[in-house]
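Below: one structure, written as structure tokens.
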Amino acid sequence: MFVHLHVHTEYSLLDGAARIKQAVKRAGEMGMPALAITDHGAMHGVVEFYKTCNNAGIKPILGCEVYVAPRSMSDRTPRIDDNLSHLVLLAENEEGYQNLLNIVSQGFTRGFYYKPRVDKESLAGCGKGLIALSGCIAGEVAAKILAGENEKARQAAGEYREIFGPGNFYLELQDHGFAEQRTANRELLKIHREMDIPLVVTNDVHYVRREDAANQDVLLAIQTGKSVDDPGRMKFQSEELYLKSPDEMRRLFGDYPQALRNTLDIAERCNVKMEFGSYYLPHYAVPEGYNADTFLEELCYRGVQKLYGDTGGEIKKRMEFELGVIKQMGYSAYFLIVWDFIHFARSKGIPVGPGRGSAAGSLVAYSLGITNIDPLKYGLLFERKEIALGKPGETGKLLRNGQPRTKLRWALVA
């Protein structure tokens, strides 16, 4: 048996033509127990992939093929720092998945230069719980081999093994009919024997079936701004980058049975579970002596004192009601986060709207300066009551467990 660990879906924009539903269906038809997603530089398709695999009875392996900067991700010298290498990362467990999210996010927020880049420092800081594969011939190890820098290739392999730990870094063998791959594979085998770094076999999947190669070629033409008829344009000189069957992979790499088995071993090691239906808000750091609830309350009462010169009577009653609902729903940190970036924007002269949606009816939002509309002056409601449809001519009630309830809608986009 064999498991594909290097797969580009339609979320490898203008590069991958393997649609998730079709790829998962095809893997199921071939009896594969698991399938990976390793889109270029991003993880936009992970949730869809996870759900689709689970519905099909296939284990989802969540990963990404990241772009590694040749120096630091902060360096941006043309024709030097845009010379990127590829590295496949697979999440082994929940810690690894969180680290992978962190790495990919850093690539966009800190390292973006033509593409979202990471560097070895960021990898080392988030390497736990991850399994790394050396990538295609654009991977650092293979690229140095093809450049005739075999010792530097060994050095790079050693660095990645140190970053991810022994047994967590694999040298990746591929064969799509390219002469460069055969050259790289010969040296990768030597590195494997000399440095005891395990091997793994992959197919660099960009489409589901061989006949889909033409579709992927069109995507490449669009990506590079060329016509499909333009001579000398970038294109893959192969139709082998499809979701091959285990038999096809055995025919290619039958001389390396352990490298084939390692695909199953890696698949068995990767066990990430996603939970849906819960909200996960960012942590908001509050001053010492406060928690999110008490700090929000403190800011709100400061605000109403400044706005109304009073914190009692109807003002207090309304404030206690709103804060009670917000605390009960666990939204205190959310309000603080919105207050923080709106306050920053106003302090820097960045235009901010007066408020919209349900936020415009909130005294909490008004007291924090999130909105500019006085909900007490205009009789605005904090919550919206929804009425369920009943029989014609009757008024229904929105019920939960047989009890009337009020459903809150939030629109805190100021």
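The values are calculated or read from the model by the stated rules, or taken from the named source; none is laboratory data. Because the structure is a prediction, the values reported are computed rather than measured. Please note: Cβ atoms are built from the backbone with ideal geometry, for glycine as well, and neighbour counts cover all protein chains shown.
Observations on the model:
- When Ala34, Ala91, Ala27, Ala42 are screened for being in contact (Cβ under 8 Å) with a residue 40 or more places away in the chain and either over 23 Å from Leu241 (Cβ atoms) or among the basic types (Lys, Arg) (or both), only Ala91 passes.
- Here is the figure for region 95-154: residues that are surrounded by fewer than 16 Cβ atoms within 10 Å (Cβ to Cβ) and of a type in the set (Val, Ile, Thr) total 1.
- Evaluation of Phe112 against the conditions (1) closer than 16 Å to Asp81 by Cα; (2) in contact (Cβ under 8 Å) with a residue 12 or more places away in the chain; (3) not β-branched (Val, Ile, Thr) shows that the sole unmet condition is (2).
- Qualifying positions in region 333-363 - among the aliphatic types (A, V, I, L, M) and either modelled with pLDDT of 95 or more or out of contact with any Lys or Arg (no Cβ under 7 Å at 6 or more places or on another chain) (or both): Ala333, Leu336, Ile337, Val338, Ile342, Ala345, Ile350, Ala359, Ala360, Leu363
- Checked across region 285-305, the condition of being within 28 Å of Asp340 (Cα to Cα) and within 26 Å of the chain's Cα centre (by Cα) holds for at least one residue.
- Here His44 fulfils each of the conditions (1) closer than 30 Å to Gly254 by Cα; (2) surrounded by fewer than 22 Cβ atoms within 10 Å (Cβ to Cβ); (3) assigned by TED's automatic domain parsing to the domain that holds Tyr256; (4) in contact with a Leu (Cβ under 9 Å, 6 or more places away or on another chain) apart from (1).
- Met73 satisfies every condition listed in (1) outside any strand (DSSP E or B); (2) out of contact with any helix residue (DSSP H, G or I) (no Cβ under 7 Å at 6 or more places or on another chain) except (2).
- Listed by position, the strands (runs of 3 or more DSSP E) inside region 121-238 whose residues that are under 29 Å from Glu29 (Cβ atoms) and more than 23 Å from the chain's Cα centre (by Cα) number at least 3 are 199-201.
- Conditions (1) assigned by TED's automatic domain parsing to the domain that holds Lys25; (2) out of contact with any strand residue (DSSP E or B) (no Cβ under 8 Å at 6 or more places or on another chain); number of the one not met by Arg302: (1)
- Residue among Leu363, Leu336 that is buried (at least 17 other Cβ atoms within 10 Å of the Cβ) and either under 17 Å from Gln305 (Cβ atoms) or basic (Lys, Arg) (or both): Leu363
- Checked against the criterion of being touching a strand residue (DSSP E or B) at 6+ places or on another chain (Cβ under 9 Å), modelled with pLDDT of 95 or more, among the aromatic types (Phe, Trp, Tyr) and more than 21 Å from Tyr366 (Cα to Cα), the candidates Tyr256, Tyr290 yield just one match: Tyr256.
- Filter result (farther than 18 Å from Leu299 by Cα and hydroxyl-bearing (Ser, Thr, Tyr)) within region 321-380: Ser358, Tyr378
- Residue satisfying all of: in region 202-237; polar (S, T, N, Q) and without any contact (Cβ under 8 Å) to a residue 40 or more places away in the chain; nearest to Phe2 (Cα to Cα) among these: Thr224
- Filtered residues of region 258-305 (kept if surrounded by 13 or more Cβ atoms within 10 Å (Cβ to Cβ) and aromatic (Phe, Trp, Tyr)): Tyr284, Tyr290, Phe295, Tyr301
- The residue of region 309-324 that is farthest from the chain's Cα centre (by Cα), among those that are surrounded by fewer than 16 Cβ atoms within 10 Å (Cβ to Cβ) and touching a residue at least 24 places away in the same chain (Cβ under 8 Å), is Glu314.
- Selection of region 11-24 for residues being touching a helix residue (DSSP H, G or I) at 6+ places or on another chain (Cβ under 7 Å) and closer than 19 Å to Val47 by Cα yields Ala17, Ile20, Lys21, Val24.
Quick grid of which residues meet (1) aromatic (Phe, Trp, Tyr); (2) in contact with a His (Cβ under 8 Å, 6 or more places away or on another chain); (3) within 15 Å of Val88 (Cα to Cα):
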| site | (1), (2), (3) |
| --- | --- |
| Tyr114 | yes, no, no |
| Ser134 | no, no, yes |
| Ala138 | no, yes, yes |
| Phe164 | yes, no, yes |
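- Within region 245-276, tally of residues that are in a loop (DSSP other than H, G, I, E, B) and of a type outside the set (S, T, N, Q): 9
- Options Val66, Val24: the member that is under 30 Å from Pro257 (Cβ atoms) and assigned to a strand (DSSP E or B): Val66
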